[in-house]
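What follows is a set of notes on a single structure, which appears directly below.
The values are calculated or read from the model by the stated rules, or taken from the named source; none is laboratory data. All values derive from a computational prediction rather than experimental measurement. Glycine also receives a Cβ, built like all others from the backbone with ideal geometry; neighbour counts cover every protein chain displayed.
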Amino acid sequence: MINEDKIKTMTKLAAFDESDAKKYSQIIEYYRSDYIGKEMLKSTLMGTIAYVFCVALWFFSNADDFLKNINNLDYMSLGMDLLKKYLLFLLAYLFITYVVYAVRYSYGQKKVKNYHKNIHNILKSYDE
Amino acid sequence: MTTLLEIKEKLRAFYAKYDIYIKPALKFLLALVVYIQINGNIGYNSKIESFPITLVLALLGAILPIGATVFIAAIVILLHLYALSFEVAIIGFILFVMVYFLYFRFSPKKGMNVLLMPICLKFRVGSVVPVTSGLVSEWYSAISIVSGTLVYYFLLGIKENASTLGAETDEGITYKFTAVINQLVGNKQMYLAMVTFALTTLVVYTIRKLSANYSWYIAIITGLLVNFIMELGGKLMLGISLNLGFLLLETAVTAIVAFIVMFMTFNLDYTRVERVQFEDDDYYYYVKAVPKIFVAEKEKTVKTISTKKKKSRSDFTKEDFEEQMGRNIEE
């Protein structure tokens, strides 16, 4: 005789094992601060590379003007301006990273908690 | 209405039974349309443009994840751009890298919109993707929609100026860089499209998630209105050419597609089907689970205020006695 409740619980367990176990187990291995910190470090690197590419694009689009005025440019103020924009961009990007990964960590914690609860229920049903 | 519901259930049953064949077929079709559109519009590399290669790439798209199709499409585009001009290919590479770093880092599996947006914009029904994404996806699908719009206008600019960009020039090494970047920087139509589609997606998503009656209907209608007004108003204000007939047709087509999507998927999320196998002592199970789409219910808190009853001697139970004895021993 098929036990429907058992099938439902085991289906949820198997579905988690199949698709989410690897992703969320890796998340839960870290403390919340370590996980978010790790992702923010990655974002800092990727954001910096993306910003450098943006600056390169901007340079290429104005390269003729740069080359003409190469001796007259105020490199200090240009550098400060680029640095300010970089810091603002990085701040916004890191804020988005923090929000996304904080939500993902909470969600992963809940999923793993439910998974353990379901395992407990299945083991209990075997003992009965 | 009963006939429609019956058709819906039959279609659902058909999809549920044969989805292991239908999904790869749809992925193959999407990949084929993407590569045909790329080759048809910017097919400057005659070796990749050939139909056998397109077919092989489309077959790969059928078996690989959507992210792989996005990656292969990006490579094909870059090869075509390289055949046109080295400078254009460099700019294209930088653009794709930035899109990857800024969006795909967070959602590597959600590349579908980046493929669908250029196709829908090519067929002048760009608002289909924002409205349907708002219904079935999360809020951050707006970013992939914006990325897809950016890629479309970038490639459109390349196509319209191909003769200039592909020709040898004495203007200086930066002329082509400047010409290509100006396709993006000064493109008011692109900015209007990006803002309109992002806002439409977010509006539809926000209203759809509300725990109100008919939230999905309200979401679709509001999304269509937002899209229509922003496109009409934006184009008039910015002095961009406007074809009202096409805009109305786009809105009508989007409405039809959105209501069909709502009708078919309102209860079940077929994009997250799980197939699992397991066994116990008595049976081996092959299970297919289709998750439901839930609307969060409002949390109810019930507060009861009652006076504390003093226990009489007759209410004193065995547990109360043991508890008190335990406390006395501890003291």
- [ ] Spot the failing condition for B:VAL287; the list is (1) surrounded by 15 or more Cβ atoms within 10 Å (Cβ to Cβ); (2) out of contact with any Ser or Thr (no Cβ under 6 Å at 6 or more places or on another chain); (3) not in a helix (DSSP H, G or I), and only one is missed.
- [x] (2)
Open item on the list: Could you list, ordered by first residue, the pairs with Cβ atoms under 7 Å in which the first is in the stretch B:93-113 and assigned to a loop (DSSP other than H, G, I, E, B) and the second is buried (at least 21 other Cβ atoms within 10 Å of the Cβ) and modelled with pLDDT of 85 or more, at least 6 apart or interchain?
Closed with: B:LYS110/B:SER141; B:LYS110/B:SER144; B:GLY111/B:VAL70; B:GLY111/B:SER144
Open item on the list: Would you confirm, using the coordinates I've provided, whether B:GLU274 is of a type in the set (Asp, Glu) and without any contact (Cβ under 8 Å) to a residue 40 or more places away in the chain?
Closed with: yes
- [ ] Specify the residue that is farthest from B:ILE221 (Cα to Cα); the eligible residues are those in the stretch B:247-267 that are part of a helix (DSSP H, G or I) and of a type in the set (S, T, N, Q).
- [x] B:THR265
TODO: Being aliphatic (A, V, I, L, M) and in contact with a Leu (Cβ under 6 Å, 6 or more places away or on another chain) is the filter here, so list the residues in the stretch A:37-49 that pass it.
DONE: A:MET40
- [ ] Identify all residues within the stretch B:176-229 that are within 14 Å of chain A (Cβ to nearest Cβ), crowded, with 17+ Cβ neighbours inside 10 Å and assigned to a helix (DSSP H, G or I); write none if there are none.
- [x] B:LYS176, B:PHE177, B:THR178, B:ALA179, B:VAL180, B:ILE181, B:GLN183, B:LEU184
Task: Candidates B:PHE93, B:PHE86, B:PHE104, B:PHE51 - the one that is buried (at least 20 other Cβ atoms within 10 Å of the Cβ), farther than 29 Å from B:ALA252 by Cα and not hydroxyl-bearing (Ser, Thr, Tyr) - done: B:PHE104
- [ ] All but one of (1) more than 21 Å from B:PHE93 (Cβ to Cβ); (2) buried (at least 16 other Cβ atoms within 10 Å of the Cβ); (3) of a type outside the set (Gly, Ala, Ser); (4) free of Cβ contacts under 8 Å to residues at least 12 places away in the same chain hold for A:TYR86, so report the exception by its number.
- [x] (4)
Open item on the list: Between B:PHE278, B:PHE263, which is away from chain A (no Cβ under 14 Å) and at pLDDT 75 or above?
Closed with: B:PHE263
- [ ] Could you list all residues from the stretch B:133-155 that are within 14 Å of chain A (Cβ to nearest Cβ) and part of a loop (DSSP other than H, G, I, E, B)?
- [x] B:GLU138, B:TRP139, B:TYR140
- [ ] Residue by residue through the stretch B:199-214, note down the ones that are touching a helix residue (DSSP H, G or I) at 6+ places or on another chain (Cβ under 6 Å) and of a type outside the set (A, V, I, L, M, F, W, C).
- [x] B:THR200, B:THR201, B:TYR205, B:ARG208
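For every residue, the table says whether it meets (1) assigned to a helix (DSSP H, G or I); (2) closer than 19 Å to B:GLY111 by Cα; (3) aromatic (Phe, Trp, Tyr).
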site	(1), (2), (3)
B:THR3	yes, no, no
B:GLU6	yes, no, no
B:GLU9	yes, no, no
B:LYS17	yes, no, no
B:TYR21	yes, no, yes
B:LEU30	yes, yes, no
B:GLN37	yes, yes, no
B:TYR44	no, no, yes
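Going by the structure shown, is B:ILE158 in a helix (DSSP H, G or I), among the aliphatic types (A, V, I, L, M) and closer than 24 Å to A:CYS54 by Cβ?
In short, yes.
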